[in-house]
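Reviewing the structure listed below.
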Amino acid sequence: MASEQMAEGPEDSAVPAPARPLDAIDQDILQILQADGRASIRSVAERVHVSRANAYARINRLVEDGVIRGFGARVDHERAGQGTSAYITLKIVQNTWRTVREQLRQLPGASHIALVGGDFDVLLLVHTPDNRALRELVLTRLQAIPEVLSTRTLLVFEEEDLEPEG
């Protein structure tokens, strides 16, 4: 299914205002926060050589503009009891992306969903406790979604999250 055929409906037609251009200080702030989302305003301000008020205003603007979508923890899935990871490719019925995406969001262990172009339509990353749970997820949950035509599971043997440069 070609991505050109995936026209989004009214809920996706509200185009957000474009983010304001980022200068070098904004880029530096992003780099610092990607490396340490818990960095204090004071620490960020000192590292980018601006006042705390300026750093605070810049971070708020980055959040308001949607450049920063949130702050979170990087999790070691194996240590968190989710030792089996897999990428699952899906072929879906044409023009059902939004419906499928909503159902995939509800899956336990789903951590990344992408509409892609190529030999398949959707790429899904999941983390499960073990192979039995992965099998259950694929054979019972995914293949029960009417809009999913086929799946292919790629088991992850080893993975590493790339740390932001900082």
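The values are calculated or read from the model by the stated rules, or taken from the named source; none is laboratory data. Since the model is a prediction, treat every value here as computed from it, not as a measurement. Cβ atoms come from the backbone with ideal geometry, glycine included; neighbour counts cover every protein chain shown. In case anyone asks, the SASA skips ligands and DNA or RNA and just uses the protein heavy atoms, side chains included. Shrake-Rupley method; radii C 1.70, N 1.55, O 1.52, S 1.80 Å.
Here are some notes:
- Residue in the range 98-107 that is under 25 Å from GLU163 (Cβ atoms) and without any contact (Cβ under 8 Å) to a residue 60 or more places away in the chain present: no
- In the set (1) open to solvent by less than 40 Å² (accessible area, probe 1.4 Å); (2) in contact (Cβ under 8 Å) with a residue 40 or more places away in the chain; (3) among the small types (Gly, Ala, Ser), the condition left unmet by GLY117 is number (1).
- Members of the range 69-93 found to be at pLDDT below 95 and not basic (Lys, Arg), listed by number: GLY70, PHE71, GLY72, ALA73, VAL75, ASP76, HIS77, GLU78, ALA80, GLY81, GLN82, GLY83
- So ALA57, is it touching a residue at least 40 places away in the same chain (Cβ under 8 Å) and open to solvent by less than 60 Å² (accessible area, probe 1.4 Å): no
- All of ALA17, ALA2 fail the test of being loosely packed, with under 10 Cβ neighbours inside 10 Å, over 30 Å from LYS91 (Cα atoms) and at pLDDT below 85, apart from ALA17.
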